[in-house]
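Trainee: Please find one structure pasted underneath; my questions will follow.
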Amino acid sequence: MDRRDQTQQYQKTNDEESEELLAKGFIMEEGRRFRLPYKIIKIVTFKNLDQKELVDIPHSARLQYRLLLFDAVIKAKVDYHKRFVRVIYNHPQADNLKEKMSRDEIVKFLSGEGVHVSTKAGDMEEADYDYYKELYQYAYFPPEIRESPPYGWTREEWRKEKQRKEKAKLKEENPGVLGKIFAKKTPKEDAGITLH
């Protein structure tokens with residue numbers, strides 16, 4: 001058996017182990033095992049709200065804050081301009097021991113706050129939400145495509161500059177034979193004298 005085959009076999013077993021751990025509600029990071037608090041939760045979006053009920057932007061922000069005070073609500077967004085309320089919450093049938101809340105309780109809470117939402121098919125969307133893939137990985141292992149260039153740079157300029165810096169860093173870390181011979185020698189700081 002070739003060494004490459006052994007490493008591929010090893011990687012396959014590691015992937016299989018991580019999938020088994022994930023199925024049990026655990027993840028491995030840096031050799032340590034962590035328990036995920038949620039597996040599959042729900043996301044509900046109430047659209048086409050009456051802007052008079054949302055009142056204004058500060059009122060919408062307070063409503064969003066009040067939604068987040070519930071232990072069963074993981075994320076909430078109230079958008080005044082686009083007139084929607086989006087809530088990611090732990091539903092009663094979820095396979096975990098955390099606090100739970102039903103969609104009807106969310107609707108009841110919103111109507112108590114003066115925002116009457118419709119549960120019709122066109123005004124409401126509800127779907128399953130994978131906590132690990134859609135929230136955890138997005139937050140802690142963001143894709144490079146989300147990286148934005150610094151102020152004053154175009155995306156193309158920043159990409160070229162980033163590649164140039166990466167090449168320079170790679171050369172600095174691995175100078176090669178000629179790089180070691182012709183490397184700039186820095187003066188000793190503890191000698192008290194600097195030579196030019």
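Trainee: Only one of (1) at pLDDT below 90; (2) in contact with a strand residue (DSSP E or B) (Cβ under 7 Å, 6 or more places away or on another chain); (3) farther than 30 Å from Leu21 by Cα fails for Met124. Which number is that?
Mentor: (1)
Trainee: Regarding segment 12-32, can at least one residue be identified that is surrounded by 13 or more Cβ atoms within 10 Å (Cβ to Cβ), modelled with pLDDT under 90 and either assigned by TED's automatic domain parsing to the domain that holds Lys133 or at positive phi (or both)? Break it down into steps so the answer makes sense when it comes.
Mentor: Narrowing segment 12-32 to residues surrounded by 13 or more Cβ atoms within 10 Å (Cβ to Cβ): 18, 21-22, 25-28.
Retained after the next criterion (residues that are modelled with pLDDT under 90): 18, 21-22, 25-28.
Those still in the list that are either assigned by TED's automatic domain parsing to the domain that holds Lys133 or at positive phi (or both) too: 25.
The answer is yes; a qualifying residue exists.
Trainee: Please determine whether any residue of segment 137-148 is closer than 21 Å to Ala94 by Cα, out of contact with any strand residue (DSSP E or B) (no Cβ under 6 Å at 6 or more places or on another chain), surrounded by 13 or more Cβ atoms within 10 Å (Cβ to Cβ) and not acidic (Asp, Glu).
Mentor: Yes, some residue in segment 137-148 is closer than 21 Å to Ala94 by Cα, out of contact with any strand residue (DSSP E or B) (no Cβ under 6 Å at 6 or more places or on another chain), surrounded by 13 or more Cβ atoms within 10 Å (Cβ to Cβ) and not acidic (Asp, Glu).
Trainee: Continuing with this model, one more query. Could you list, in sequence order, the residues of segment 48-72 that are within 24 Å of the chain's Cα centre (by Cα), surrounded by fewer than 16 Cβ atoms within 10 Å (Cβ to Cβ) and part of a loop (DSSP other than H, G, I, E, B)?
Mentor: Scanning segment 48-72 gives Leu69, Asp71.
Trainee: Of everything in segment 87-98, what is surrounded by fewer than 17 Cβ atoms within 10 Å (Cβ to Cβ) and closer than 16 Å to Leu36 by Cβ? Give them in sequence order. Walk me through how you get there before you give the answer.
Mentor: To start, the set of residues in segment 87-98 that are surrounded by fewer than 17 Cβ atoms within 10 Å (Cβ to Cβ) comprises 92-93, 95-98.
Passing the criteria: Asp95, Asn96, Leu97, Lys98.
Trainee: Same structure, new question: Please work out which one of (1) touching a Ser or Thr at 6+ places or on another chain (Cβ under 9 Å); (2) at pLDDT 90 or above; (3) not in a strand (DSSP E or B) is the condition Val85 fails and give its number.
Mentor: Only one criterion in (1) touching a Ser or Thr at 6+ places or on another chain (Cβ under 9 Å); (2) at pLDDT 90 or above; (3) not in a strand (DSSP E or B) is unmet by Val85, namely (3).
Trainee: Another one. Scan segment 40-76 residue by residue and report those that are within 18 Å of Tyr131 (Cα to Cα) and among the polar types (S, T, N, Q).
Mentor: Thr45
Trainee: Give all pairs with beta carbons closer than 6 Å in which a residue from segment 69-86 that is farther than 24 Å from Pro37 by Cβ meets a residue that is surrounded by fewer than 18 Cβ atoms within 10 Å (Cβ to Cβ) and hydrophobic (A, V, I, L, M, F, W, C); count only pairs at least 6 apart in sequence or on separate chains.
Mentor: Qualifying pairs under 6 Å: Tyr80/Ile57.
The values are calculated or read from the model by the stated rules, or taken from the named source; none is laboratory data. What you see is a predicted model; the values in this text were computed from it and never measured. Neighbour counts run over all protein chains shown; Cβ positions are idealised from the backbone, glycine included.
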